[in-house]
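Novice: A single structure is presented below for examination.
What follows is calculated from the coordinates using simple rules that are stated; it is not laboratory data. Not measured: the values here are computed from a predicted model. Cβ sites come from the backbone with ideal geometry, for glycine too, and all protein chains shown count toward neighbours.
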Amino acid sequence: MPKRALRAPTAAAVPATEEIDVLWISAGLGCDGDTIAITAATQPSLEDLIQGAIPGVPKVNFHNPVLAYDVGDAFLEKLRRAAEGKLGPFILVVEGSIPNEKNKQEGCWAGFGMDAKTGQPIPTCDWIRKLAPRAWAVVCAGTCSAYGGIHAMAGNPTDCMGLPDFLGWDWKTKDGIPIVCVPGCPVQPDNFMEVLLYLLNQAVGRAPMIPLDDRLRPTWLFGSTVHEGCDRGGYYEQADFAKDYGSSRCIVKLGCWGPVVQCNVGKRGWMGGIGGCPNVGGVCIGCTMPGFPDKFMPFMNEPAGAMLSTAAIVMYGRAVRALRGITRGSMNREPKWRGTAKGPGDA
Amino acid sequence: MPEKKPANLVEMSWDPITRVVGSLGIHTKIDFANRRVVECRTTSSIFRGYSVFLRGKDPRDAHFITSRICGICGDNHATCACYAQNMAFGVRPPALAEWIINLGEAAEYMFDHNLYQDNLVGVDFCEQMVKETNPGVLAKAEKMLAPHSALHGYRTIADIMRALNPFTGAFYREALQMSRLTREMFCLMEGRHVHPSTLYPGGVGTVPSVQLFTDYVVRLMKYIEFMKKVVPLHDDLFDFFYEALPGYEEVGRRRVLLGCWGSFNDPAACDYTYANMADWGRAMYVTPGIVIDGKLVTTDLVEINLGLRILLGSSFYQDWQESETFVKADPLDNPIDQRHPWNQTTVPKPQKRDFQGKYTWVMSPRWFDKRTGQHLALDTGGGPLARFWVTALAGLVDIGGYVKATGHSVQIRLPRTANLPEVELEWKIPKWSNTIERDRARTYFQAYAAAAALYFYERGIEEVYAGRTQTWTSFKVPEQAIGCGFHEAVRGVLSHHVVIRDGKIANYHPYPPTSWNASPRDSFGTPGPYEDAVEQTPLFEENGPDNFKGIDILRTVRSFDPCLPCGVHMYLGDGKVLEVRHSPTFGAQLGGPG
């Protein structure tokens, strides 16, 4: 099917393209967990976008190694064409952190496919260098490709980094779109698919430029903290803190970083509204943040800031809890006229 | 035996191998005159360095970090890391925590085998693929009535194949949807898929409400009903391949050398002490053990542990034979070898790929058989084959009337569900350790995990009803300690070994299944399991070299369920190279599906 050029991001709302390729490179230093995560998404699901179930957006030709039909060179064919500028508009998705291939004499930390001439792996960095300038939009799936993540931890041998560190934080695609980071370890399934859907709407001019914060995150997903959306926030307010894992109370003193971490998992849950982190008893370890993991370790220690803030709230929290206890006790009793066959007006 | 024709060798490569987790490539030398693969080697092109950056970290962080090793079975790593921490910290979680972990891990098996089998492996058996590789087989499949069509609803084998077509096939889509239901079950117990949020050393943070168990069991029963259709569907499909292609049992066949490290702890038995490990290992609801040439040689986790050896030979690392010995003896005073994971020192040495020398980031884990003095290249059979084989032979497992090992088979009882009556399944020890049987065992193990989960659910909710709702036991991190965890990742054996000094991690080495399966030739020249299984595999694909798809090779590699950034490279030995080709690009592409 012939493809027409995508509109500039600010263009009028006229459908301009009927299908778009999504080329997904999972050969950074990652675990493929973001690819697996998006197969869990339902809002929208992968099938929704591939089968064209959402009106008004281009149909997606999804090209990810884990879910591909083709193998080997047949699979790489589309990437090669894209690298040569011979493919229509495409969205490049990068998963996994980008190693520093210059910190050693020879060999390669991360490769994808083989160079027919040399018999050596093609470094993932080379793919990105070739594909990113041709892409209509570039999206980082998960914290590794966004900010480095687990594999960029102190003491790592690969000097790896996120894509904005690799390409530059001010880097923009040829169509003027900054790198879009959807962090999470792994990425929350619906968060990623919703960003993809947003970009498809933008591609046809139905949506304006995707709103990003200065860490290149979509603002509507990462504008609030875990704590602001956590259903255990009420316990915090009442200074009611868990001492053991397995409690349903606030777990900030057990290592939860929710009060300062930007993530919507408390509100959205993990999938279908089920699961999550502090809302279901898992301390927030800050996995969406650029400072992850080093600045949050050891994960099971109370964050230093939490010691101060929980101390500050103790007096207010205990007082409020006590007062509410009194009121709740009253509200748990029926009005005194019930069961006496006398209404309030019959006194 | 047919007469061997003069070799007509063609070198072919597939890189990357898709529909597996991780970057994988294949180089082959194929003898088209005799329709056989000549030689094969495995390599990995990605290194991340977990064992390097874990050093010096707080031991309690181990499960959070090691979960990130794998994006499809990260929770298996987190669980195994918690087991190792429990041993090192001397902590025993409450029974309820163990039931919750077992329910989470059972959901992981149900999800992962389902997604892998029906959305990734299944494509190798789908109508579109069979049409491209074996049109003659598809023609037979069109005529062949499916023996169990009353159970699964597909009239012919070709109808099953059509249902497996990616995204357009009805069963493909149903399986994908079902993989979400099971992941919801997982998230109920472990918080998040695939990197759990609620696992800790000492237990879990999951809130054990009545609702938790309600939400789980209603989903579980839907999956059990689904299994009543899935098992006969796959039996029909796999049996058809033996029938349609006589000799297909030789595809991917290797010597029966299977390892299983056991799964699902019994809280009544498991105290996480090394001294009692043989006993609580045998109480696991999937039995640990090693099968050599069809014979069960051990079910003792201590013996299994003592035999672990990590060899080099073809890998990009410095040797550690002269490096520090962290653990001279285990807590039972058995000597620990310098090549054991407790004593391994990982120093990466990146270099160019050289098939005559070093060619991979994967090392060569082997099991030292003290009876013969051999270093055995065990495989996992993709996980389920080894789990079933060991469990069946050991005859120890009896899970509340739902699963029973008989000494030669494993019986699985799936109770009545909304629309279907009770079903009894039986996995019997097959004649071969080959591609089809690895795949078949995967389907049966989905039913095993579901039936076992029903038992774990009953035990878990019993604890809640009894008011025993504590899910975590506190502990102190010791200054000096060692620990090990044994578990079954979805695709096979998983071990974590930790050494703690001054309250920090001094050494940490995880060994996941693909390290075993995708291992290269070791210092003794023994090939790893992929190499071994692919070499000498007969080829049944109807295409010649010009449009060769390599389907029998790909089915073999995928039957092991490869799952880490690893590589497979098949390589020509001494034969004369006539031609060099990359994987032929031909046939209908899936581009623009839907």
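Novice: I need the semi-axes of the equivalent ellipsoid of segment B:454-564: take the C-alpha gyration tensor, multiply each eigenvalue by 5, square-root it, list largest first in whole angstrom.
Specialist: 43, 25, 9
Novice: Quote the relative contact order of segment B:424-524 in percent (integer), defining contacts as alpha-carbon pairs under 8 Å separated by 6+ residues.
Specialist: For segment B:424-524, the relative contact order is 15 percent.
Novice: Could you please rank B:Tyr285, B:Tyr242, placing first whichever residue has the fewest other Cβ atoms within 10 Å of its Cβ?
Specialist: In increasing order of surrounding Cβ atoms, one gets B:Tyr242, B:Tyr285.
Novice: Which whole-angstrom value gives the distance between the alpha carbon centres of segment B:434-497 and segment A:119-143?
Specialist: 38 Å
Novice: So if the hydrodynamic radius of segment B:378-512 is defined as the Kirkwood radius over C-alpha pairs, what does Stokes-Einstein give as its diffusion coefficient at 37 °C and 0.692 mPa s, in µm² per second?
Specialist: For these conditions, the coefficient is 186 µm²/s.
Novice: Follow-up question, since we're still on this one. Say we join alpha carbon atoms closer than 10 Å with springs in a Gaussian network model of chain A; which of A:Arg206, A:Arg129, A:Arg324 then has the biggest fluctuation?
Specialist: A:Arg324
Novice: Could you list the trypsin sites (Lys or Arg not before Pro) in segment B:128-179 that lie in coil according to DSSP, counting only those with at most 16 other Cβ atoms within 10 Å of their Cβ?
Specialist: Here the sparse-neighbourhood loop sites are B:Arg155.
Novice: Could I ask something else about it? With a sphere of radius 12 Å drawn around the Cβ of B:Tyr359, what net charge do the other residues whose Cβ falls strictly inside it have (Lys, Arg +1; Asp, Glu -1)?
Specialist: On the way: positive: B:Arg41, B:Lys352, B:Arg353, B:Lys358, B:Arg521; negative: B:Asp354, B:Glu531.
Once positives and negatives cancel, what remains is +3.
Novice: Taking +1 at the Cβ of each Lys and Arg and -1 at the Cβ of each Asp and Glu, which of B:Ala451, A:Trp24, B:Val347 sits farthest along the dipole of the protein assembly as shown towards its positive end, judged by Cα position relative to the Cα centre?
Specialist: A:Trp24
Novice: Still on this structure, I have one more. Rg to Rh ratio, segment A:139-199, alpha-carbon atoms and Kirkwood radius? Let's see the in-between values first.
Specialist: On the way: Rg = 12.5 Å, Rh = 12.2 Å.
Ratio value, two decimals: 1.02.
Novice: Most mobile of A:Gly325, A:Gly273, A:Gly281 per a Gaussian network model of chain A (Cα springs, under 10 Å)?
Specialist: Its mean-square fluctuation being the largest, the pick is A:Gly325.
Novice: Now a separate question. About the Cα centre of chain A, how large is the charge dipole given +1 on each Lys and Arg Cβ and -1 on each Asp and Glu Cβ? Please answer in debye to the nearest 20.
Specialist: Once rounded to the nearest 20, the dipole reads 1100 debye.
Novice: Same structure again: Ratio of Rg to Rh for segment A:106-155, alpha carbon only, Kirkwood? Could the numbers behind the result be given before it?
Specialist: Details: Rg = 13.3 Å, Rh = 12.8 Å.
Computed over Cα atoms, the ratio is 1.04.
Novice: To two decimal places, what compactness ratio does chain B give when its Cα radius of gyration is scaled by 2.2 N^0.38 Å?
Specialist: Here the answer is 0.93, to two decimals.
Novice: For chain A, what does -39500 (n - 2.57) per DSSP helix run (n ≥ 4), summed and divided by total residues, give at 222 nm, in deg cm²/dmol to the nearest 500?
Specialist: Calculated at 222 nm, the ellipticity per residue is -8000 deg cm²/dmol.
Novice: Going by alpha carbons, how many degrees (0 to 90, nearest 10) lie between the helix axis of A:72-83 and the longest principal axis of chain A?
Specialist: 90 degrees
Novice: Additional query: Grab the other residues whose beta carbon is less than 11 angstrom from that of B:Lys57, score K and R as +1, D and E as -1, and report the net.
Specialist: 0
Novice: Among rounded, prolate and oblate, which fits chain A when a ≥ b ≥ c are the square roots of the eigenvalues of its C-alpha gyration tensor, a/c under 1.5 means rounded, and a/b larger than b/c means prolate?
Specialist: Prolate shape, in that a/c is at least 1.5 and a/b is the bigger ratio.
Novice: What value, in deg cm²/dmol to 500, does the helix sum -39500 (n - 2.57) over DSSP H runs of n ≥ 4 give at 222 nm once divided by the residues of chain B? Mind dumping the intermediate values first?
Specialist: On the way: 17 runs with 203 residues, N = 594.
Estimated from H runs of four or more residues: -10500 deg cm²/dmol.
Novice: List the extent of the Cα atoms of segment B:83-187 along each of their three principal axes, largest first, rounded to whole Å.
Specialist: Between the extreme Cα coordinates on each principal axis of segment B:83-187 lie 61, 28, 23 Å.
Novice: I'm a student and want to see the number: the projected area of the Cα convex hull of segment B:372-458, averaged over all directions, in nm².
Specialist: Details: hull surface 28.2 nm².
Approximately 7.1 nm², given one-decimal rounding.
Novice: How do A:Glu194, B:Glu184, B:Glu488 line up, fewest other C-beta atoms within 10 Å first?
Specialist: Details: A:Glu194 19, B:Glu184 22, B:Glu488 29.
By the 10 Å Cβ count, ascending: A:Glu194, B:Glu184, B:Glu488.
Novice: In addition: Size of the dipole of the protein assembly as shown about the Cα centre, Lys and Arg at +1 and Asp and Glu at -1 on the beta carbon, nothing else charged, in debye to 20?
Specialist: Values: 96 positive and 100 negative charges, 302 e Å.
Its charge dipole is roughly 1460 debye.
Novice: A further question on this structure: Taking +1 at the Cβ of each Lys and Arg and -1 at the Cβ of each Asp and Glu, which of B:His408, A:Gly96, A:Gly107 sits farthest along the dipole of the protein assembly as shown towards its positive end, judged by Cα position relative to the Cα centre?
Specialist: My answer, from the dipole projection, is A:Gly96.
Novice: Right, something else. Using alpha carbon centroids, what distance separates segment A:261-337 and segment A:79-99, in Å?
Specialist: Result: 41 Å between the Cα centres.
Novice: Let me ask something additional. Quick one: Debye curve from the C-alpha atoms of segment A:206-347, no solvent, what's log10 I(q)/I(0) at q = 0.10, 0.19 Å⁻¹?
Specialist: For segment A:206-347, the Cα-only Debye profile gives -0.47, -1.11.
Novice: Semi-axes of the equivalent ellipsoid for the protein assembly as shown, please: Cα gyration tensor eigenvalues, times 5, square-rooted, ordered largest first, whole Å.
Specialist: Details: eigenvalues 344, 229, 176 Å².
The answer is 41, 34, 30 Å, longest axis first.
Novice: On to the next question. Relative to the Cα centre, what is the charge dipole magnitude of chain B, using +1 at the beta carbon of each Lys and Arg, -1 at the beta carbon of each Asp and Glu, and rounding to the nearest 20 debye?
Specialist: The dipole of chain B has a size of about 620 debye.
Novice: Can you tally the net charge around A:Ala304? Count Lys and Arg as +1, Asp and Glu as -1, for every other residue whose Cβ sits under 13 Å from the Cβ of A:Ala304.
Specialist: +1
Novice: Sticking with this one: Sort B:Leu378, A:Leu46 by Cβ crowding within 10 Å, fewest neighbours at the top.
Specialist: A:Leu46, B:Leu378
Novice: Can you find, among A:Val265, A:Gly282, A:Met297, the residue farthest towards the positive end of the dipole of segment A:229-304? Put +1 on the C-beta of Lys and Arg, -1 on that of Asp and Glu.
Specialist: Result: A:Val265.
Novice: A further question follows. Take the alpha carbon atoms of segment B:117-153, find their center, do the same for segment A:182-209, and report the distance between the two centers in whole angstrom.
Specialist: When both Cα centres are located, 36 Å separates them.
Novice: If you build a Gaussian network model of chain A, linking Cα atoms that sit under 10 Å apart, which residue out of A:Ile326, A:Ile54, A:Ile177 swings the most?
Specialist: For chain A, modelled as a Gaussian network with Cα springs under 10 Å, the answer is A:Ile326.
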